[in-house]
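Okay, structure first, notes after.
The values are calculated or read from the model by the stated rules, or taken from the named source; none is laboratory data. In this text, all values refer to a predicted model and were calculated from it rather than measured experimentally. We place every Cβ from the backbone using ideal geometry, glycine too, and count neighbours over all the protein chains shown. To get the accessible areas, we keep the full protein, side chains included, count just its heavy atoms, and leave off ligands, DNA and RNA. Shrake-Rupley method; radii C 1.70, N 1.55, O 1.52, S 1.80 Å.
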Amino acid sequence: MRIVRTKNYEDMSVKAADLIASVILLKPNCVLGLATGSSPIGTYQNLVKKYQDGNLDFNTVRSVNLDEYKGLPRTNPQSYYYFMHDNLFSKVNINLENTNLPNGMEPDAKKACEEYDTVIKSMGGVDLQLLGLGHDGHIGFNEPNTEFDKTTHCVDLTEMTIEANKRFFNSIDEVPRQAYTMGIQTIMEAKTVLMVVSGKDKAKILKEAFFGPVTPSVPASILQFHPNFILVADEDALSELDK
Ligand code: F6R
């Protein structure tokens, strides 16, 4: 594990974008594993800036996203497809045919997950997987006590997640109850894993995940065993380590 210590969210985002850009420069047809959520938004903004400045070309870049809600169409602003489009895909010259997310509109979970695993395999695996860290240590939608050996699977969202997500919807009834997510095995198979973590509210779980025991009760802790895991975190997120 390598830790890149940054001053704040902005600095974290610049450095994470630099690391991703270096992968694209070295392998223009690389497979990027992408994440949604608030942590990577700044990273995407910096990647867009590099593209706009003429310093980065996404023309042959391929991508697979970590997860997608089951039952939300791409046109729904809360879908992860919409998020990716809004924050990155529509702002750079990536070929949309080279971008992939689990098919949230496939009602047959087994089919949707098998198809997604096939897509990832056919691309030759993920070169760099970008991740955020959940407050309970989740990565993707792999909540505490998910087995480490899962590939893409369907998860029932916890009451806590449904409750946390309801602010984005008109009513709690509209919040999806299930999602498709890459499993921990899929994430561990990425050649490089890059996690971005910012803020005091993540400090406790960051310490637990990367300086505590490796356990399914803290899913991110498995990354301690990844041969090429880079944690880009700001001072607030690292603040519990100094204690
Ligand atoms: C995103 C994802 C989630 C988030 C995590 C942290 O695709 O799968 O695991 O990375 O919930 O979210 P933020 O970054 O909003 O704190």
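With the cut-off at under 20 Å, measuring from each backbone N in segment 5-39 to a point 7 Å along the Cα-to-Cβ line of F168 picks out 33-39. Annotation: amide H-H contacts under 5 Å for T158 (H modelled 1.01 Å from N, sequence separation of 5 or more, or interchain): none.
Measuring from centroid to centroid over Cα atoms, what is the spacing of segment 181-200 and segment 44-113 in Å? What the calculation gives is 17 Å, centre to centre. With every protein chain in place and a 1.4 angstrom probe, the accessible-area ranking of C154, C113, largest first, reads C154, C113. Net length available on complete extension from S90 to E10 is 26.6 nm, with 0.36 nm assigned per residue and the Cα-Cα distance removed.
Taken per residue, the accessible surface of the chain reaches 46 Å², heavy atoms only and a 1.4 Å probe.
Taking a span of 24 Å or more along the helix axis (Cα atoms) and a mean Kyte-Doolittle hydropathy of at least 1.0 as the rule, the DSSP H helices of the chain that qualify are 9-26.
Model label points for D18 and L241, set 7 angstrom from Cα along the Cα-to-Cβ axis, are 1.7 nm apart. In segment 149-243, the DSSP beta bridges split such that about 45 percent are antiparallel, to the nearest 5.
Computed over protein heavy atoms with a 1.4 Å probe, the carbon and sulfur contribution to the accessible area of segment 1-127 reaches 51%. Taking 0.36 nm per residue of separation and subtracting the current Cα-Cα distance, fully stretching the chain between K121 and D201 would add 25.2 nm. Using a simple spin-label model with pseudo-atoms 7 Å out from Cα toward Cβ, N76 and Q52 lie 3.1 nm apart.
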